[in-house]
Amino acid sequence: MTDNMPDLVFADCNGNIMEFPGLAMVGRSGDYFLPMTARETMALPEGSQLYVLPGRQPVGMDRETGEVVTLTENPYDGSSAVYAVAVFLPAAHTQTYLAAWKKNECAPELPLFAYTSVGWKEGFVTTAMRTDASNRQDPDMFHMDLVREGIRKWKSDLGSNRLVEHLSHCALTYGCPAALNLFQGREEGPLPTSPSCNASCVGCISKQPCDRPPSPQNRITFVPSPEEIAEVALRHIVSVENPVVSFGQGCEGEPLMVSDVIRDAISLIRKKTTEGTINLNTNASLPSKVAELADAGLDSMRISMNSPRKKTYDAYFRPSYGFDALMKSALEMKSRGRFVSLNLFVFPGVTDAPKEAEALHGFIEEAGVDMVQWRNLNLDPDVYLDMIGQQLPSGIGIRRLIEGVSVRRGYFNPYLGRK
């Protein structure tokens, strides 16, 4: 059996990453360490990033005894320190197991990324599955010469539009895939709007307190006018095949906090064209505002959640609103015949815990959810488990959970077709 198991991967004290056939690859689900067979893995996708994890030693399985052990020193020189390695997956890939490690007492909190297990079997392998066939954000689809030329043209034509300037910064400084696509004239265009939020997510990627790992991008500092938003949206819609434009981006707070601006922008867009899918990425905290946006012409809504259970949800989102708002917002959209998806933050061992899985099926059925987007939770796994403060039994498996959900599977907001 162990012959079919990938080798453990570790990093030496100089950051060199190598495999060790003496130990087999182990993955993590919650607090459980599980040996990985080749069947559980896939070749490392293009665009993956390997991370060396400070203060953490790799965990593998002894091929002779079957015991899960910690690698404490370099097996090739017998003395120097070793470090665990994880992979950050590219878009459209969902992790099925976390990287396995033993944490030292002085280990720092990890930055806001997802840490997926990695091994070696005739090349690097990882525990993940592709959950969206779209190449919308595949690394080979981004061409910086086209992006820079696109930015030049947008600024030439819409030079006074503050949103264009903001998105140019997102594309060139942060490499934001949505902004890169906008200026290349393809796929989904971003429409960030809100500097404020009514939740305090532990893993917020645009605003963190000074004592936490820094956010990977800065939040927008102004509210664009409806006219600025409509200018950007219309230019994208009329020039792109299967166009989608989305409020609610990684570089902003909660868009419903400025719903009046968004409502007016949608009205301006729909006065000019019925084409394109207008989408809202949101925490769905204000059902009455969602209803207003749907009446103005909003086509789809994606609700972000780490869990369909209030206890787990509140521990991460730390909201100022009630959990029942999510269901009410979904029903406001569905009563108007609109599309609703879930932006589900996947964490192996929590998302697939039996009571979490049961609650997910129940939420999907009651809300009439059309699609689940299986996104990875970007947070230090130990911080997340401590934060939710629950003893969860072994999960049913992320792959099994995904394959058992009957609604549309994906990773990106879909184009919904011509009106």
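Below is a table of values for the structure above.
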{"quantity": "Partnerless cysteines, meaning none of the other Cys C-beta atoms lie under 4.7 Å away, in the chain", "calculated": "C13, C106, C197, C210, C251"}
{"quantity": "Gain in span if fully extended, L50 to R152, counting 0.36 nm per residue against the direct Cα distance", "calculated": "33.4 nm"}
{"quantity": "Nearby lysines by direct alpha-carbon distance to K334 (threshold 20 angstrom, same-chain neighbours under 8 apart not counted)", "calculated": "K289, K419"}
{"quantity": "Check: segment 339-399 dipole with +1 on Lys, Arg Cβ and -1 on Asp, Glu Cβ, in debye", "calculated": "140 debye"}
{"quantity": "Packing-based exposure ordering (other Cβ within 10 Å, fewest first) of T72, T277", "calculated": "T72, T277"}
{"quantity": "Choice from P214, P192, P348 showing the highest fluctuation, given a GNM over the chain with Cα pairs closer than 10 Å", "calculated": "P214"}
{"quantity": "Taking the convex hull of Cα positions in segment 125-270, its mean projected area over all directions (nm²)", "calculated": "10.4 nm²"}
{"quantity": "Neighbour-count order for L34, L191, fewest beta carbons within 10 angstrom listed first", "calculated": "L34, L191"}
{"quantity": "Size of charge dipole - the chain - debye, nearest 20, with Cβ of Lys, Arg +1 and Asp, Glu -1, no other charges", "calculated": "1320 debye"}
{"quantity": "Cα point-scatterer Debye curve for segment 2-130, base-10 log of I(q)/I(0) at q = 0.10 Å⁻¹", "calculated": "-0.26"}
{"quantity": "Reach of K102 by Cα under 14 Å, taken over aspartates and glutamates that are not fewer than 8 positions away in the same chain", "calculated": "D31, E73, D380, D382"}
{"quantity": "Over the chain: Kirkwood hydrodynamic radius from C-alpha pairwise inverse distances, Å", "calculated": "22.4 Å"}
{"quantity": "Residue range of the chain that is longest and free of GluC sites (Glu not before Pro) which are both DSSP loop and sparsely packed (at most 16 other C-beta within 10 Å)", "calculated": "276-419"}
{"quantity": "Column: log10 I(q)/I(0), Debye, Cα scatterers of segment 192-410, q = 0.10, 0.11, 0.12 Å⁻¹", "calculated": "-0.45, -0.55, -0.65"}
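No value in this document is a laboratory result; all are computed from the given coordinates. Because the structure is a prediction, the values reported are computed rather than measured. Note that we place each Cβ from the backbone using ideal geometry, even for glycine, and neighbour counts take in every protein chain shown.
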